[in-house]
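The values are calculated or read from the model by the stated rules, or taken from the named source; none is laboratory data. Note that the structure is a prediction, hence the values are computed from the model and not measured. Virtual Cβ from ideal backbone geometry, glycine too; neighbours counted across all protein chains shown.
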Number of protein chains: 2
Amino acid sequence: MIDYIRDGQEIYRQSFAIIRAEANLAAIPADLEKLAVRVIHACGMVDVVDALRFSPGAGAAGRAALAAGAPILCDARMVAEGITRARLPADNRVICTLNDPEVPALARELGNTRSAVALEHWREHLEGSVVVIGNAPTALFYLLEMLDAGAPKPALILGFPVGFVGAAESKDMLAADSRGVPYVIVRGRRGGSAMAAAAVNALATEVE
Amino acid sequence: MIDYIRDGQEIYRQSFAIIRAEANLAAIPADLEKLAVRVIHACGMVDVVDALRFSPGAGAAGRAALAAGAPILCDARMVAEGITRARLPADNRVICTLNDPEVPALARELGNTRSAVALEHWREHLEGSVVVIGNAPTALFYLLEMLDAGAPKPALILGFPVGFVGAAESKDMLAADSRGVPYVIVRGRRGGSAMAAAAVNALATEVE
């Protein structure tokens, strides 16, 4: 037998204790403290907290929306899979339209990625929703274009696209002018579905 | 309209070009070059390549197993979601047993995490499989215990658990003695389902 901790709750407890001992959470407001800890937990890097940017009250806005039953709109199936349903306060719907059958044809028609045009199928759900982008920069750019064209406003945008082309730019564009929507981003190339889902899981309940 | 690249193939092309310009791939053997590039792509960090460790021929072993129809055994649903089915060379099965209905009771019985004991349901598939651990250190520890107890050997272990308790230790333990099984790991706390799935996607086909 190998010597390791086999108790899931104890692993969580020690993990969060290590994160709170090592990470500099001084700049994080109280309503985002657990979100910051969970995002760090998801990626294994305490310094990612230094790249978090957010609008005032973003955490409170997200919590209130979820408690009121807001749907959670995800750009990728991995994000949707990472959201722990048992933590959601109002049996909230978790929606990912990327694999909708019309999306490939729509992508050709609109000349954009499938990840971006899949947001066309979000319109009826957007008002007051929690948007979670954990993969595609083009999805975040497209969301900003939809908002500029008058689409209904989400309650919160969690902006965690990852990668080398457009990720940093799309998140900086959101933070520079979030079109009046509360937001949380991680600046730069880092991001991804695990961090994005962790952000939702942190806002869903106070339970760690 | 915002100015951004809307062509998915062009985004991939530029992303991989940036990675190959910035990352130090000198220590990566030819059969793992595309894997290294895709793992970097999945996390947005070129320096993650410096933490990759592998046994000789691991990439070739994984490619051969997938071409021969090996099942892909995943510790987490997010990993399974991240594997691009269209890339798989032999319509390979992608198996995740974490949500099998017997797993919670088995976890209580065996005194281990659900992620670990879910591997009990891998036994019939283990021989010659490609194992992908992208979340739970306990799953990797448990796999080593199963191998020590005589379980059939996979063709390849992709070890990418993430986090602060056991992640670094479990991967170092695998690299120190992989029980005769070829492996690829990323050392340290970093890892996760996106990197793990990217590793599979890279081995599945030569197409970028």
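Listing for the model above:
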item	result
The one condition in (1) surrounded by fewer than 21 Cβ atoms within 10 Å (Cβ to Cβ); (2) of a type in the set (Asp, Glu); (3) touching a residue at least 12 places away in the same chain (Cβ under 8 Å) that B:Asp3 fails to fulfil	(3)
Test for A:Gly180: is it within 12 Å of chain B (Cβ to nearest Cβ) and at positive phi	no
Subset of region B:13-42 [over 17 Å from the mean Cα position of the chain (by Cα) and closer than 27 Å to B:Tyr183 by Cβ]	B:Ser15, B:Phe16, B:Ile19, B:Arg20, B:Glu22, B:Ala23, B:Asn24, B:Leu25, B:Ala26, B:Ala27, B:Pro29, B:Ala30
Count of residues meeting criterion [part of a strand (DSSP E or B) and farther than 21 Å from B:Glu127 by Cα] in region B:174-196	1
Search result, residues across region B:1-16 that are among the acidic types (Asp, Glu) and under 25 Å from B:Val39 (Cβ atoms)	B:Asp7, B:Glu10
Region B:71-94, residues that are assigned to a loop (DSSP other than H, G, I, E, B) and either surrounded by fewer than 24 Cβ atoms within 10 Å (Cβ to Cβ) or within 11 Å of chain A (Cβ to nearest Cβ) (or both)	B:Pro71, B:Ala76, B:Ile83, B:Thr84, B:Leu88, B:Pro89, B:Ala90, B:Asp91, B:Asn92, B:Arg93
Top-ranked residue of region B:123-163 - restricted to ones that are in contact with a Leu (Cβ under 8 Å, 6 or more places away or on another chain), farther than 21 Å from B:Gly111 by Cβ and part of a helix (DSSP H, G or I), ranked as farthest from the other protein chains (Cβ to nearest Cβ)	B:His125
Per-region count, region A:95-118, residues within 13 Å of chain B (Cβ to nearest Cβ) and not in a loop (DSSP other than H, G, I, E, B)	12
Subset of region A:58-70 [surrounded by 15 or more Cβ atoms within 10 Å (Cβ to Cβ), touching a residue at least 24 places away in the same chain (Cβ under 8 Å) and not basic (Lys, Arg)]	A:Ala58, A:Gly59, A:Ala60, A:Ala61, A:Gly62, A:Ala64, A:Ala65, A:Leu66, A:Ala70
Residues that are more than 10 Å from chain B (Cβ to nearest Cβ) and within 13 Å of A:Ala51 (Cβ to Cβ), drawn from region A:164-175	A:Lys171, A:Asp172, A:Ala175
Test: residue in region A:40-51 that is in a loop (DSSP other than H, G, I, E, B), of a type outside the set (A, V, I, L, M), buried (at least 18 other Cβ atoms within 10 Å of the Cβ) and within 11 Å of chain B (Cβ to nearest Cβ)	yes
Filtered residues of region A:1-58 (kept if touching a Pro at 6+ places or on another chain (Cβ under 7 Å) and closer than 23 Å to A:Val162 by Cβ)	A:Ser55, A:Ala58
Tally, over region A:100-122, of residues that are polar (S, T, N, Q) and within 16 Å of A:Leu73 (Cα to Cα)	1
Matching residues, region B:6-24, being surrounded by fewer than 18 Cβ atoms within 10 Å (Cβ to Cβ) and of a type in the set (A, V, I, L, M)	B:Ala17, B:Ile18, B:Ala21
Test: residue in region B:45-53 that is among the acidic types (Asp, Glu) and over 24 Å from B:Ala168 (Cα atoms)	no
Residue match in region B:164-173 (condition: more than 13 Å from the chain's Cα centre (by Cα), modelled with pLDDT of 95 or more, part of a loop (DSSP other than H, G, I, E, B) and among the aliphatic types (A, V, I, L, M))	yes
